[in-house]
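The values are calculated or read from the model by the stated rules, or taken from the named source; none is laboratory data. It should be emphasised that the depicted structure is a prediction, and the values quoted were computed from it without experimental measurement. Neighbour counts are summed over all protein chains in view; Cβ atoms, including those assigned to glycine, are modelled from backbone coordinates with ideal geometry. To get the accessible areas, we keep the full protein, side chains included, count just its heavy atoms, and leave off ligands, DNA and RNA. Shrake-Rupley method; radii C 1.70, N 1.55, O 1.52, S 1.80 Å.
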Amino acid sequence: MFHEDAAGGWQLVAVDVNKPHGRAPACLQQMMRSSLFHMFILSMVAVDVIVAASNYYKGENYRRHYDEFYLAEVAFTVLFDLEALLKIWCLGFTGYISSSLHKFESLLVVGTTLHIYPDLYHSQFTYFQVLRVVRLIKISPALEDFVYKIFGPGKKLGSLVVFTASLLIVMSAISLQMFCFVEELDRFTTFPRAFMSMFQILTQEGWIDVMDQTLVAVGDMWAPVVAIYFILYHLFATLILLSLFVAVILDNLELDEDLKKLKQLKQSEANADTKEKLPLRLRIFEKFPNRPQMVKISKLPSDFTVPRIRESFMKQFIDRQQQDTSCLFRRLPSASSSSCDHSKRSAIEDNKYIDQKLRRSIFSIRARNLLEKELTINKILRACTRQRILSGSFEGQPAKERSILSVQHHIRQERRSLRHGSTSQRISRGKSLETLTQDHSSTVRYRNAQREDSEIKMIQEKKEQAEMKRKVQEEELRENHPYFDKPLFIVGREHRFRNFCRMIVRARFNALKTDPITGAVKNTKYHQLYDLLGLVTYLDWVMIVVTICSCISMMFESPFTRVMHVPTLQIGEYVFVIFMSIELNLKIMADGLFFTPTAVIRDFGGVMDIFIYLVSLIFLCWLPTDVPPESGAQLLMMLRCLRPLRIFKLVPQMRKVLREVLKGFKEIFLVSILLLTLMLVFASFGVQLFAGKLAKCNDPRILKREDCHGIFRINVSVSRNLNLKLKTEEKKPGFWVPRVWANPRNFNFDNVGNAMLALFEVLSLKGWVEVRDVIIHRVGPIHGIYIHVFVFLGCMIGLTLFVGVVIANFNENKGTALLTVDQRRWEDLKSRLKIAQPLHLPPRPENGGFRAKMYDITQHPFFKRGIAVLVLAQSVLLSVKWDVGDAQVTYPLATMSVVFTFIFVLEVTMKLIAMSPAGYWQSRRNRYDLLVTSLGVIWIVLHFSLLNAYTYMMGTCVIVFRFFTICGKHVTLKMLLLTVVVSMYKSFFIIVGMFLLLLCYAFAGVVLFGTVKYGENINRHANFSTAGKAITVLFRIVTGEDWNKIMHDCMVQPPFCTPDKHRYWETDCGNYAGALIYFCSFYVIIAYIMVNLLVAIIVENFSLFYSTEEDQLLSYNDLRHFQIIWNMVDDKREGVIPTSRVKFLLRLLRGRLEVDLDKDKLLFKHMCYEMERLHSGGDVTFHDVLSMLSYRSVDIRKSLQLEELLAREQLEYTIEEEVAKQTIRMWLKKCLKRIRAKQHQSCSIIHSLRESQQQELSSFLNPPSIETTVPSEDHNANNPDNPSQPEMSDLQQLLSPTLSDRGGYRQDSADLGRPQRKLGQWRLPAGRTSVKSIVCKMNPVNDGASSGSEVKKWWTRQLTVESDESGDDLIDI
């Protein structure tokens, strides 16, 4: 803080905020701040919670105010009051009240002090007592951090709670005003009743009853309006409002961008650390003494291959050596610092002179080289600027927008220039402010790039070192311990039998996707089937089939068809045990059991395999004939039901799903603790308020417990067809039952256990309306607040918290939660690119004939919209029932459907004419349209020939099939369909996992509850008598439909059932503890975890397809444009093109994917070379080119994760090196060609001079013709008698190659009229040209003078597309 001193100045003084300001002695203050004191207080809170949870109902006659629980509460209240007073004494009242935690503690102190007053005991003040459990959150730092993460930024969640409460109040007031006048409707007579009804609709529990009662009361006239009112409110409350809670919780769990990157780096470091250490089962060999063994070398040193060294590494090494040499020159000892004698001074002076001379020569050479480089660069920049001005691309004109490929390429180049650029530049004093700002920003960018590179290199080196250390440790153990990596310490490491077992265990289907010679991609038709076959090994495929067959055999078992007494079912057991014995023996002999690197028991999956095998083996050897209920034999039969879980171990994708779920067990456990804490608070409060008050006599006429004795008659309803004879005084059939004073059948609050079970059922939003009604009717209306508050906190916040944590945890373990915004966009882009396919649309016919007109009509947007409207109009016909008996209505509807079908036949015909049958068949959508249209034609024939109920049914089915064609005619519908399809594809293994868990629970349910007597919800349709019916019941429980009532039916105990102690299939009783564990665990695992994983996948795919254009790296229009260009290049519609056509495709791209050859020639060369090296020059697919463009269009430093970033940067560095090598190789070839061309030209010029001298001599001897010039090309071409025509034609071909020459260049319009040169050849303009001028232009002196400029010009031209041959291909475009 700032403090004013005596002189009037201000000083910054450090203040200890945590320093106590109370008046207590120092010893008490130190005791209060010690960890021992805090642990003592928390332990006392825990004891208080345990004592409060032990409270139970003891009866009406017991004095509850002065029992042991009351005395314990008084003692704990006094203790915590003394704690608060001690803290106030030590910290001062201001220091104490400044903490929010102390405010909460003071509130509890005041409330609990009032609660121990006898008249207020067991009243609403009990809330303060049970809220002490919240203080136990301080015990676990992880739990405290988690609670702060969720509820710390409580502004969003608090605002949403206030909004929900306000919405309920407003809608309750509106409903009260709308329905308070309706007679025979008591749900909206008062505001509390209206509030409870609207809250019930919000929770979706029994909201149909509220709506139905209101519709019946208001009458038929206003029923539609009332129904719309309730439905809209229900949709808004359930689909939007509850989703907002999940969204807010997910937003609170979201990490910052910087924290995400930090956690990515930490996770990579953690992975490196875990890879460095060997598992404990292998490190145990380090405890034994070393016993190295002699080995025999099977190879000579000359047989080993020499590793390849990259040239970039060698260059860095050479540069480093040069720097070291220069540093050595600087560090040479001087004469003044030497301590030698006089006899050695002369040698030292000579060395000093040589040193100075070397330094001068080196510095002069460096200065000269730097000066030449600077002059050359300035010259090139001026030439480029002049060329831009001449071409019209100066600043006065609007510049063309650069593509994203160009932008990202320049970003990469700038980053690499900063990384490899000179850091020793100094800022001169004469620089302007703008230049200084640019230099500062460049320095900052350089430092950031350097820091990122250092972090990435450090992690990469750490991973490599970890892998190397792990390998070294394994090799040392393998060398020094003879029993290391020996299965069962018996089979040798390289034994033939072990190699044979390895071959069997690791054999799998491996279809070659590429040609082993050329590396080209094979376009296999059944590649998806090949991928499925290669998913696991052959041995695992056999075991998957055997496990499935065994599960099918178990489905035929029931309490009346037991495997112990049916030999046919025992065959499946024997087959499973035999095959699994063979599998485990092979894997143990190949990989070892436990103390080997690839042991069978190296993770939880291996333990589960051994456990399932042992259970199956013990059961098969035992096969008990008598299985008593709740015995060890029945437990063994239940453990046998875990057999379907073997598929989790056999299928890698299933293991991945299970791993992702189990990794987030910590967060799920923390959420469960919070929910259990909430339930414990409300359960303790409910026990103290409602214990013993919910009981009632089964005779509704009896109101007091004293009068509830004897028997009474209860009437029953029976069918009239029974014709029962009743007595004179009996109006209805019935029977006599004893009067019983008892709690409700499904719940009570007599102890904390029953209260928590009731609240758990309420937490699932099942049965809470019944609990509310019972509490209001038997205790009082004011106590209805209790259950409403719990439902709101537990369901609106608790369950949505559970949903949000499961989704966030799944995304985090999957790797998507830690992704930054750019990385998330990149992952979405990759997912969209995997789904994208080439357009199956044939090109427009070239001629402008009838087919071309049909093509234009069928591809017009209005034509497509018209067809979509017709499809909707035909679907509207199904709004009226098609009944054969009502021909006046059904026949016109069928006739209209026939007319629509003929229109669709016309559409298909037009498309077949426009696209040709082969082109029409390329699209799957067209195939589906053709199939539906063919079914429609068949229906028309059958309809007019038969005209019965089956033809009408077929017509309705055709209309339904036709309706699905509209999904592909609109972008939004297509995206929605893709979301559903991709979600189903990605969640396939999760759905399979859910079914396997459901199958295990179904088998266990048959063993536990197969003979339970029928009750309220267990009946002849819903029971556990067979595995099929059990699966049906469990599917019903997945939806949450009355699962708690089914659980209570399975808890039936004597005297309400008939027990049997010897055979479980002879009793009709249930299992109380078994039903509690069975149903609660199933509901939590399936309904709370697995279903929420499906929600997470759907949310991920929804954001994938419905992201805005600003959030997409490549928009839908970019992908559509690429599909169109690919469709133009891939004329055969095979999905692959040769590598030579990639450059045509890249040049045809426009918009954001355009590559400007004038500005980004180097980028173009890199992209072409990347496609060439992808499959060793073979064909490339649609996704290959699209993937390359996607990588080039993003900033890989921001969008890619660490592993992918390292691989991509290594690939781009390799491409740059190879392109540079090709450029240098091409330059050398052209230099050689130019030298050879010069030599050839010199010889030809000498020969031509000799010929001209001979002609002059002959003309001198034979006058009068004297010619000093050579005839022109036209003259020589038209004069057949000219003897020098062959020589001059050769000279012309040498000096002026035509376009037919493969080495020729295209001649620009700006260069007409002046000679052009390529590879040492001159192209002469048209007209007369003298040999003298040719000789002058080809003078070697001029060549020597212009060699530097030619080299410079060549370097400015080297950013071309390809070699000479590729240039000709580009011309052909």
Requested in this report: Of the listed pairs K986/K1198; K864/K986; K1161/K1230; K471/K814, which have alpha-carbon separations greater than 30 Å here?
Outcome: K864/K986
Report summary line: The correct ranking of L819, L1257 by accessible area at 1.4 Å, largest first, is L1257, L819
Report task. Just read off the accessible area of R508 with the full protein assembly in place, 1.4 Å probe, to the nearest 10 Å². Result -> 110 Å²
Requested in this report: Please work out how much length the chain gains when fully extended from W541 to E1203, using 0.36 nm per residue of separation minus the C-alpha to C-alpha distance, in nm with one decimal.
Outcome: 235.1 nm
**Report entry** Protein-only accessible surface order, largest first, of M198, M854 at 1.4 Å
**Finding:** M854, M198
**Report entry** the range 1037-1075 and the range 241-263: distance between their alpha carbon centers, rounded to Å
**Finding:** 43 Å
Query raised in the report: Across 5 Å bins from the origin, how do the percents of Cα pairs in the range 557-684 run, short distances first?
Result: 2, 9, 14, 16, 14, 12, 12, 10, 7, 3, 2, 0
Query - Formal net charge of residues neighbouring W768 (Cβ-Cβ distance under 15 Å; K, R +1; D, E -1) - result: -4
Query raised in the report: What does the accessible area of E1066 come to, in Å² to the nearest 10, when a probe of 1.4 Å is used?
Result: 110 Å²
Query raised in the report: Can you pull the accessible area of K1143 for me, 1.4 Å probe, Å² to the nearest 10?
Result: 10 Å²
Query raised in the report: Taking a ≥ b ≥ c as the square roots of the eigenvalues of the Cα gyration tensor of the range 716-834, is the shape rounded (a/c under 1.5), prolate (a/b larger than b/c) or oblate?
Result: prolate
Query raised in the report: If eta is 1.567 mPa s and T is 4 °C, what Stokes-Einstein diffusion coefficient results for the range 1138-1239, Kirkwood Rh from Cα pairs, in µm²/s?
Result: 84 µm²/s
Report task. Using only the alpha carbons, work out the radius of gyration and Dmax of the range 951-1011 in angstrom. Result -> 19.6, 55
Query raised in the report: What ranking, highest mean first, results for peptides 461-467, 800-806 when packing means the other Cβ atoms within 10 Å averaged over each residue?
Result: 800-806, 461-467
Query raised in the report: Given the convex hull of the Cα atoms of the range 18-57, what is a quarter of its surface area in nm²?
Result: 4.0 nm²
Report task. Return the ratio Rg/(2.2 N^0.38 Å) for the range 924-1043, where Rg is computed over Cα atoms only. Result -> 1.62
Query raised in the report: From the Cα gyration tensor of the range 910-976, with a ≥ b ≥ c the square roots of its eigenvalues, which class applies: rounded if a/c is under 1.5, or else prolate if a/b is larger than b/c, or else oblate?
Result: oblate
**Report entry** Set K881/K974; K149/K277; K469/K1221; K663/K1029; K261/K462; K266/K666 screened for pairs whose C-alpha atoms are more than 28 Å apart
**Finding:** K881/K974; K149/K277; K469/K1221; K663/K1029
Query - At R0 = 41 Å, FRET efficiency that the Cβ-Cβ distance of L280 and T1032 yields, to 0.05 - result: 0.35
Query raised in the report: How much length is gained if the chain between M468 and F665 is pulled fully straight, taking 0.36 nm per residue apart and subtracting their Cα-Cα distance, in nm to one decimal?
Result: 67.7 nm
Query raised in the report: Just for the Cα atoms in the range 860-940, what are the lengths along the principal axes, largest first, rounded to whole Å?
Result: 45, 26, 17
Query - Modelled FRET efficiency - R0 56 Å, M31 with F862, Cβ distances, 0.05 increments - result: 0.05
Query raised in the report: Please state the relative contact order of the range 1144-1243 as a whole percent: Cα pairs under 8 Å, 6+ residues apart?
Result: 21 percent
Report summary line: Pseudo-spin-label distance V898 to V1129, built 7 Å along Cα→Cβ, given in nm, is 5.2 nm
Query raised in the report: Tell me, in nm to one decimal, what length is gained between L107 and Q124 on full extension, where the rule is 0.36 nm per residue of separation less the Cα-Cα distance?
Result: 4.7 nm
Query raised in the report: Of W1126, W622, W882, which has the most accessible area and how do the rest follow, probe 1.4 Å?
Result: W622, W882, W1126
Query raised in the report: Treating the beta-carbon of each Lys and Arg as +1 and of each Asp and Glu as -1, no other charges, what is the dipole magnitude of the range 114-192 about its Cα centre, to the nearest 20 debye?
Result: 580 debye
Query raised in the report: Each label point is 7 Å from the Cα along the Cα-to-Cβ direction; what then is the distance between the points at M564 and L878, in nm?
Result: 5.3 nm
**Report entry** Point-to-point label distance, A223-S916, nm (Cα→Cβ direction, 7 Å offset)
**Finding:** 6.2 nm
Report task. Set the Förster radius R0 to 30 Å, insert the Cβ-Cβ distance between L265 and S99 as r into 1/(1 + (r/R0)^6), and round the FRET efficiency to 0.05. Result -> 0.30
